[in-house]
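Here's the structure we're looking at; comments come further down.
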Amino acid sequence: MAFTKLLIANRGEIAARVLRSARAEGYACVAVYSDADRDAPHVRAACEAVRIGPGPVAASYLDPQALLRAARLTGADAVHPGYGFLSENAGFARACAEAGLVFVGPPPAAIELMGDKARAKARMLEAGVPCLPGYQGDAQDLERLGAAATEVGFPLLVKAAAGGGGRGMRRVDGPEGLAAAVAAARSEAEHAFGDGRLLLERLVTRARHVEVQVLADTHGAVVHLGERECSAQRRYQKVLEECPSPAVDADLRARMGQAAVDAAAAIGYVGAGTVEFLLAEDGAFYFLEMNTRLQVEHPVTELVYGVDLVALQLAVAAGAPLPFTQAELVPRGHAIEARLYAEDPAQGFAPQAGELLAWSPAEGLRCDHSLRARDRVSPFYDPLLAKLIGAGADREQARRRLLRGLERTVALGLPTNRGYLARLVAAEPFVAGALTTESLAALGALTLTPDPPPEAWALALVLGVDGPREPAWGARALPRALRIGELERSGWLHPAAGGWEVELEGEGTRLEVELRGTRGPRVRARVGDVEREVAAVWTGDALHLSWGPEDWCFRAPAAPGAEAEGAPGDGGVRARGAGRVVRVEVAPGDVVTADRTAAVVESMKIETELPCGCAGTVRAVHVSSGAQVQRDQVLVEVEPD
């Protein structure tokens, strides 16, 4: 089982993360890349790199033969799949073994069993692991599912039997919503996993999502490394994770940990894996699923338990026994991870693609990423940009450090969820450690981007879309105006000692602005009586400004009399980001309501339903299923009533 050269069958931040540990352990590393990732940092950092195909994942990262060919070309004798892509594909694990490669992961049989949620639940029930009431039968017609739903009771979840990551999952509150939920979940599951089978599971309200990290070697030893709190979820996608959970004490940790160890032992597990549980208000916990791979959120466990999970994966794959016993694994301190995504909170968190003009992670945080300024974020892959992790002696210290790091991180050029993350970390329910899986929906106001304060407008007017102006003493006042979307502000710039005095029209506000220096994208400026550091980058027609946790894109005002294309209320249904049309659900002549779905667009593995937006009659449909679309492209036109 010994190996010397590792092929990393993944991309982005997880490829860079695996490469870092593997290189430290003395392994030669091979990267693979699609055409979209040709110049990616993880490719340049590897000893060797092999092109595996064009940008779309089906023709590159999901092509087992291309990956195996890359291993043959470079003489790699082991494969680390990372997470996502083929990491939980039993067929790929078998193909690696048949090619004489060590697969850094569990046995194919374990992957296959736990990848089928219906079979996995049946095995867990046999092993005595607590499970939720539900239906996981072979009959998949709507009539049988309807009868099973009545037996399970509402509310319930419709879930894809294959895959995970929240795809193919819908909440149903009553019988009237079951048919639509089944159709949507099945469509998403078939597209994401090639398997439309579904199961039903009782929904426990006000519950927490708590998962347990397990590790098993080839000598029969299985341990757990505590739990992670993953209740901060949006559309079943995790947003924040932390270790340990604020809702778990030592006794509950021991009981949940033992259940996770039992689950792993019952399937002959080897390597790193995660057993996910639902924790009810009364302290009861229920098995949800097992992820047979490294988790996105593994860094918080590493920081609290003082381990390197990737290095441990490599050691186990090479046949080494676990280097510790359960009694030696003691949590120390706290860690919280925030997932920084290329997505627009103001547009329903639609994934975004484009150029990342400026990138500078904050000091004092662990930041797992594979980014550089001027990198292009591709529409082909998951919108995760980076993971920002704050750690401390206790939860509050870790939270403060993460909040400060979010405020100091620079990610400009396309919309991200940075401001949303900062507001969430500062929100009272999170501060109190009281979030449940339903909390983010109740905190929806956090998605709103506020109007910049007068100080930010004043600085933006000085910086301008064409760069800052140097004041010339005795020069006349300069008029300037900027807009954010349809919000426009104007003012006068009066030369002053060391800078400008900015007079904001309509507010009677006068603020002195003095630029003190720049360091990369970071700009030091005094606005009024306060000196602060911001970040700014220009694109020729826009100023991207980072002010604390908020990012804004200022543009020059529209020409007088010009109408903004695609103004709200014009009846146009537009794509919220680059993506592919999954289906169109209206036709010309249809009479529609505002909330009726006009089209479904998939971008970066996430399906987004686009509503008609107004009541009226469909005037035209400009796209069909399978079409590639760009942000703000008109897909459907509705003539408003």
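For the pair GLU190 and ARG476, the difference between a 0.36 nm per residue extended length and the Cα-Cα distance amounts to 96.5 nm. With respect to the chain, whose longest principal axis is taken over its alpha-carbon atoms, helix 117-126 is tilted by about 50°.
Taking amide hydrogens as placed 1.01 Å from N in the peptide plane, the amide H of ARG631 sits under 5 Å from those of ALA578, each at least 5 positions away in sequence or on another chain. Ordered by solvent-accessible area of protein heavy atoms (1.4 Å probe), largest first, the residues CYS29, CYS614 come out as CYS614, CYS29.
Using a probe of 1.4 Å, the accessible surface attributed to HIS494 totals some 50 Å² when neighbouring protein chains are kept in position.
When the surface is traced with a 1.4 Å probe over the full set of protein chains, ILE14 keeps roughly 10 Å² accessible.
Among residues other than ARG583 with Cβ under 15 Å from its Cβ, the summed charge is -4 (Lys and Arg +1, Asp and Glu -1). Projecting the Cα atoms of GLY194, ALA149, PRO130 onto the dipole axis of the stretch 114-220, where Lys and Arg carry +1 and Asp and Glu carry -1 at the beta carbon, places PRO130 farthest toward the positive end. Calculated over the stretch 32-182, the projected area of the Cα convex hull averaged across directions stands at 11.5 nm².
As a ratio to 2.2 N^0.38 Å, the alpha-carbon radius of gyration for the stretch 228-312 is 1.09. Annotation: the antiparallel percentage among DSSP beta bridges lying fully within the chain is about 90. As a size descriptor, the averaged projected area of the C-alpha convex hull of the stretch 157-200 was calculated at 2.5 nm².
Remark on the stretch 483-533: Rg and Dmax equal 12.5, 34 Å (Cα only). Distance between the pseudo-spin-label points of ASP466 and ARG619 (7 Å out from Cα toward the beta carbon): 3.6 nm. In this calculation the C-beta distance from THR218 to GLN65 is compared with R0 = 25 Å, giving a FRET efficiency of 0.35. Phi angles across the stretch 52-66 convert, under the Karplus curve 6.51 cos²θ - 1.76 cosθ + 1.60 with θ = phi - 60°, into 3J(HN,Hα) values of 10, x, x, x, x, 5, 4, 9, 9, 5, 9, 9, x, 5, 5 Hz, Gly and Pro given as x. Take GLU25: with every protein chain present and a 1.4 Å probe, its accessible area is about 110 Å². Each other residue within a Cβ distance under 15 Å of ASP77 adds +1 if Lys or Arg and -1 if Asp or Glu, for a net charge of 0. Taken over the chain, the convex hull of the Cα atoms encloses 163 Å³ per residue.
Per residue, the average separation of C-alpha pairs within less than 8 Å and at least 6 apart gives the chain a relative contact order of 9 percent. Surface exposure of the chain, expressed per residue as accessible area with a 1.4 Å probe, stands at 40 Å². Estimated from helical segments only, the mean residue ellipticity of the chain at 222 nm is -7000 deg cm²/dmol, where each DSSP H run of four or more residues counts as -39500 (n - 2.57).
For ARG583 and GLU428, what is the calculated FRET efficiency with R₀ set at 35 Å and r taken between the beta-carbons, to the nearest 0.05? The value I calculate is 0.30.
One chain, two ends: ARG44 and ARG516. Fully extended at 0.36 nm per residue, the span grows by 166.3 nm beyond their Cα-Cα distance.
For the residues ASP368, ASP394, ASP138, a 1.4 Å probe over the protein chains yields an accessible-area ranking, largest first, of ASP138, ASP394, ASP368.
Projected label points at ARG400 and ASP595, each 7 Å from Cα along the beta carbon direction, are separated by 4.4 nanometres.
Its convex hull of Cα atoms gives the stretch 412-508 a direction-averaged projected area, equal to a quarter of the hull surface, of 8.9 nm².
Accessible area ranking (1.4 Å probe, heavy atoms, ligands and nucleic acids excluded), largest first, for THR292, THR509: THR509, THR292. Note on the stretch 326-484: semi-axes of the ellipsoid equivalent to its C-alpha gyration tensor, largest first and rounded to whole Å, are 34, 19, 18. Placing a label point 7 Å from the Cα of ASP35 along the Cα-to-Cβ direction, the residues of the stretch 599-641 whose backbone N falls under 19 Å from that point are 604, 627-630.
Taking the accessible area of the stretch 43-172, probe 1.4 Å, and keeping the other protein chains in place, the carbon and sulfur fraction comes to 53%. Here's how it looks for GLU343: its modeled amide H is under 5 Å from those of GLN352, THR416, ASN417, which are all 5 or more places away or on a different chain. The simple spin-label model puts a point 7 Å past each Cα toward its Cβ; for THR4 and THR205 those points are separated by 6.2 nm.
Against the empirical curve 2.2 N^0.38 Å, the C-alpha radius of gyration of the stretch 136-249 lands at a ratio of 1.24.
Within the accessible area of the stretch 365-506, the carbon and sulfur atoms contribute 53%, probe 1.4 Å, all protein chains present. On the beta carbon distance between THR539 and ALA346, with R0 = 22 Å, the FRET formula returns roughly 0.70. Proximity of backbone amide H atoms, modeled 1.01 Å from N, is registered between VAL214 and LEU225, GLY273, THR274, VAL275 at under 5 Å, excluding neighbours fewer than 5 places apart on the same chain.
The values are calculated or read from the model by the stated rules, or taken from the named source; none is laboratory data. Please read these numbers as outputs of a predicted model, since none were measured by experiment. Cβ: placed from backbone, ideal geometry, glycine included. Neighbour counts: every protein chain shown. What goes into the accessible areas is simple: the full protein's heavy atoms, side chains included, and nothing from ligands, DNA or RNA. Shrake-Rupley method; radii C 1.70, N 1.55, O 1.52, S 1.80 Å.
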